[in-house]
Amino acid sequence: MDTPTLSRNVMDRFSLSGKTAVITGAAGNIGYHTALALAQAGADVALVDLPACIERAVENAAGIELECGVKAKGYGCELTDKKQVKKLFEQIEQDFGRVDILHNNAGIGGALVPDIEEWDSEHDMDHVDHWIHVLNVNLVSQYIVATTAARMMIKEGHSGSIINTTSLNAHVVNQAPLYQTMDDSSYGTSKAALKYFTQHFASQVIKYGIRVNSISPGYTYSPALYTGLTQEILDRYEKSQPIMRMAQVEEMQGTVVFLASDASSYIVGEDILVDGGHHIW
């Protein structure tokens, strides 16, 4: 791989002007905010979410386009279907001309039911069926999307950056704030596997100039995610890391822009924890 020519001004290396970024899970909290940040750094952005969420993805894209003066467009796609994903990227290439950056961010949570329980009462289904569904969404779809994006970058003949969203739970068991493990293992297992895939895939595609890394958010405040939790639980979430608070979603933006840009040109196969120090306690 050739040594890149870097701007003398380090701040210029953060610019994404002239690049196209694809963000999955872009109707959600982290996905929308990273799409906004990538656009603020100068990238055109393709916002992708489930077909059922396409109205929100289109709405988010329109707002970003108006605010940032870049091209932005919303798409709906079932990301566990490799044929749909291939068509999606072909459409994005047709609409934008190229794909330079992928924030591979789509995902779902596990179940607040112990693995020992055969029936997942939260989702009213056999536990193993939901466990497999979580791995399909959080791992298989990310594999499909990452490999499809990389093939397109190689076909287009340029370098690129792929950023997967893993989790603090790729590193540690979610003991939750009541000093017991409240959820099942599906989410953490899928994210730990995705962290490994990030490293493995990074070693394969760096020869094409494609850097693959991941970001592992810690407890990040979202009204939708924490609706229904007691104040006692929320208070303990706040105190479960040295920084003594949960993250604001905007605090994920800088890491994603950094990994997308030439400012991180020598970072390959790394996972960056953004967890307020949770893992050091």
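The values are calculated or read from the model by the stated rules, or taken from the named source; none is laboratory data. No experiment lies behind these values; they were computed from the predicted model shown. Don't worry about glycine lacking a Cβ; one is built from the backbone with ideal geometry, like all the others, and counts go over all protein chains shown. Just the protein is used for accessible areas: all its heavy atoms, side chains included, with ligands, DNA and RNA removed. Shrake-Rupley method; radii C 1.70, N 1.55, O 1.52, S 1.80 Å.
Residue 188 satisfies every condition listed in (1) in contact with a helix residue (DSSP H, G or I) (Cβ under 6 Å, 6 or more places away or on another chain); (2) farther than 25 Å from residue 267 by Cα except (2). In the range 205-222, the residues that are on the phi > 0 side of the Ramachandran plot reach residues that are open to solvent by 20 Å² or more (accessible area, probe 1.4 Å) and of a type outside the set (Ser, Thr, Tyr) with C-beta atoms within less than 8 angstrom, at least six apart or across chains, in these pairs: 209/1; 209/2; 209/158. Put simply, of 116, 144, 108 the only residue that is in a loop (DSSP other than H, G, I, E, B) and either open to solvent by less than 30 Å² (accessible area, probe 1.4 Å) or under 30 Å from residue 43 (Cβ atoms) (or both) is 108. Looking at the range 123-139, can you tell me whether even one residue there is over 30 Å from residue 204 (Cα atoms) and either assigned to a loop (DSSP other than H, G, I, E, B) or among the basic types (Lys, Arg) (or both)? Checking the range 123-139: at least one residue is over 30 Å from residue 204 (Cα atoms) and either assigned to a loop (DSSP other than H, G, I, E, B) or among the basic types (Lys, Arg) (or both). Please pick out the residue among 69, 25, 63 that is open to solvent by 20 Å² or more (accessible area, probe 1.4 Å) and at positive phi. From the options 69, 25, 63, the qualifying one is 69. Going by the structure shown, is residue 202 at pLDDT 95 or above and over 29 Å from residue 40 (Cα atoms)? Considered against the rule, which asks whether it is at pLDDT 95 or above and over 29 Å from residue 40 (Cα atoms), residue 202 comes out as no. Filtered by the rule that a residue be open to solvent by 10 Å² or more (accessible area, probe 1.4 Å) and closer than 15 Å to residue 31 by Cβ, the range 42-51 gives 49, 50. Listed by position, the helices (runs of 4 or more DSSP H) contained in the range 177-274 that have at least 1 residues being open to solvent by 70 Å² or more (accessible area, probe 1.4 Å) are 186-205, 223-226, 231-238.
The single residue among 32, 75 that is open to solvent by less than 70 Å² (accessible area, probe 1.4 Å), within 26 Å of residue 219 (Cβ to Cβ) and of a type in the set (Phe, Trp, Tyr) turns out to be 32. Only one entry in 219, 237 is at pLDDT below 95 and within 16 Å of the chain's Cα centre (by Cα), namely 219.
Among the residues of the range 17-71, the one identified as of a type in the set (Asp, Glu) and within 17 Å of residue 160 (Cα to Cα) is 44. Restricting the first member to the range 48-66 and to residues that are touching a residue at least 12 places away in the same chain (Cβ under 8 Å), and the second to residues that are open to solvent by less than 50 Å² (accessible area, probe 1.4 Å) and not hydrophobic (A, V, I, L, M, F, W, C), the beta-carbon pairs closer than 6 Å and six or more apart or on different chains are 48/24; 48/75; 51/76; 54/76; 57/49; 57/74; 58/74; 61/74.
Filtered by the rule that a residue be within 25 Å of the chain's Cα centre (by Cα) and open to solvent by less than 60 Å² (accessible area, probe 1.4 Å), the range 119-139 gives 130, 134, 135, 137, 138, 139.
Taken as a whole, the structure leaves residue 58 outside the set of residues that are at pLDDT 95 or above, within 30 Å of residue 140 (Cα to Cα), of a type in the set (A, V, I, L, M) and touching a Phe, Trp or Tyr at 6+ places or on another chain (Cβ under 7 Å).
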